[in-house]
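Have a look at the structure below before the remarks.
The values are calculated or read from the model by the stated rules, or taken from the named source; none is laboratory data. Model, not experiment: these values are computed from the prediction. Cβ: placed from backbone, ideal geometry, glycine included. Neighbour counts: every protein chain shown. SASA here: full protein model, heavy atoms, side chains in, ligands and nucleic acids out. Shrake-Rupley method; radii C 1.70, N 1.55, O 1.52, S 1.80 Å.
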Amino acid sequence: MNYIDANRRAYNLLANEYDSREHEIGDDFWLKIYDELKLKDKTYYKVLEIGPGNGRNIGVMKRYNSNFDITAIELSENLCGILRKNYNDITIINQNILEVESQSEKYDLIVAIALIHLFPSEDAKKVLKIIRNMLKDDGYLLIGTTINKEETEGYYEKEDYNIKVKRFRHKYTKESFEQLLTECGFKVFKPYIITEKERAKTWYDIVVVKD
């Protein structure tokens, strides 16, 4: 089983539990970012979220600005089912981002939270190249991962779920994550660091633009 199949299996198994869990990081964190990007009054604003899970962030975006034209690309069939149930007015693509057939569409905002660490280093660079090609020249990429003390990758169990299943995970340090983005043609617009105390995770979410 390759890492894509392992990740698809893991998130299919975890979909219902993921959908029912509460999030320590509240909506206000994301709303602050959108406010600082001055997105409140945007119209005809094309948004792509890659790896949206159950669509929690999509719900935040829709409540923030009902004019957003939202597309979601999600690997897990079961999570896509939840997305379709919750949001029947968005475009949902059930596919691996590395295999998306049409990459000609351009977006004003691309969101990729807790996504890039699901790929080995070389494939992560391919993903960021695809994202860069799909982002408008004046667009924003909101991307995030956890900060770790050392950089490693491998198959790790999802420890904070009742169902125990392994999936592929690349663990970045703050420096290695920033270096990856720089190598792939992005520069930092605004960084945000926030901690989930209950899960003992520190998230590094960054708004970047094309360099």
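What strands (runs of 3 or more DSSP E) lie completely within the range 114-177 and have 1 or more residues being touching a Pro at 6+ places or on another chain (Cβ under 9 Å) and of a type outside the set (Asp, Glu)? Walk me through how you get there before you give the answer.
Numbers: elements: 135-146, 152-157, 166-171.
Here the list reads 166-171.
Sort out which residues of the range 5-38 are touching a residue at least 40 places away in the same chain (Cβ under 8 Å) and closer than 14 Å to Lys166 by Cβ, and write them in order of number.
Selection gives Ala6, Asn7, Arg8, Arg9, Ala10, Tyr11, Asn12, Leu13, Leu14.
Looking at the range 163-174, can you tell me whether even one residue there is under 16 Å from the mean Cα position of the chain (by Cα) and either closer than 25 Å to Leu39 by Cα or surrounded by fewer than 13 Cβ atoms within 10 Å (Cβ to Cβ) (or both)?
For the range 163-174, residues under 16 Å from the mean Cα position of the chain (by Cα) and either closer than 25 Å to Leu39 by Cα or surrounded by fewer than 13 Cβ atoms within 10 Å (Cβ to Cβ) (or both): absent.
Would the range 11-27 turn up any residue that is under 15 Å from the mean Cα position of the chain (by Cα), modelled with pLDDT of 95 or more and open to solvent by 20 Å² or more (accessible area, probe 1.4 Å)?
Within the range 11-27, one or more residues are under 15 Å from the mean Cα position of the chain (by Cα), modelled with pLDDT of 95 or more and open to solvent by 20 Å² or more (accessible area, probe 1.4 Å).
Within the bounds of the range 118-129, is there any residue that is open to solvent by less than 10 Å² (accessible area, probe 1.4 Å) and in contact with an Asp or Glu (Cβ under 6 Å, 6 or more places away or on another chain)?
no
Inspect the range 44-53 for any residue being at negative phi, modelled with pLDDT of 95 or more and open to solvent by 30 Å² or more (accessible area, probe 1.4 Å) and give the result as yes or no. Before you say what the answer is, go through the steps one by one.
Filtering the range 44-53 for residues at negative phi gives 45-50, 52.
Keeping just the survivors that are modelled with pLDDT of 95 or more gives 45-50, 52.
Adding the requirement that they be open to solvent by 30 Å² or more (accessible area, probe 1.4 Å) leaves 46.
Yes.
Restricted to the range 60-100, and to residues that are closer than 19 Å to Tyr45 by Cα and surrounded by fewer than 15 Cβ atoms within 10 Å (Cβ to Cβ), which residue is modelled with the lowest pLDDT? Before you say what the answer is, go through the steps one by one.
Just the residues of the range 60-100 that are closer than 19 Å to Tyr45 by Cα, to begin with: 60-73, 87-93.
Cutting the leftovers down to surrounded by fewer than 15 Cβ atoms within 10 Å (Cβ to Cβ) gives us 63, 66-67, 88-89, 91.
Numbers: Arg63: 96, Ser66: 95, Asn67: 95, Asn88: 91, Asp89: 94, Thr91: 96.
Among them, the one singled out is Asn88.
Out of Ile147, Ile143, I need the residue that is touching a residue at least 12 places away in the same chain (Cβ under 8 Å), of a type in the set (A, V, I, L, M), open to solvent by 50 Å² or more (accessible area, probe 1.4 Å) and within 20 Å of Gly51 (Cα to Cα). Which one? Walk me through how you get there before you give the answer.
On the way: Ile143 fails: open to solvent by 50 Å² or more (accessible area, probe 1.4 Å).
Step by step, each of Ile147, Ile143 is checked, and only Ile147 is touching a residue at least 12 places away in the same chain (Cβ under 8 Å), of a type in the set (A, V, I, L, M), open to solvent by 50 Å² or more (accessible area, probe 1.4 Å) and within 20 Å of Gly51 (Cα to Cα).
Run Tyr204 past the list (1) assigned to a loop (DSSP other than H, G, I, E, B); (2) within 15 Å of the chain's Cα centre (by Cα); (3) aromatic (Phe, Trp, Tyr) and report the number of the one that doesn't hold.
Here Tyr204 clears every test but (1).
What number of residues within the range 181-195 satisfy the criterion of being charged (D, E, K, R) and surrounded by 14 or more Cβ atoms within 10 Å (Cβ to Cβ)?
As a first pass, look at the range 181-195 and keep what is charged (D, E, K, R): 183, 187, 190.
Of the ones still in play, those that are also surrounded by 14 or more Cβ atoms within 10 Å (Cβ to Cβ) are 190.
Summing the residues that are charged (D, E, K, R) and surrounded by 14 or more Cβ atoms within 10 Å (Cβ to Cβ) in the range 181-195 gives 1.
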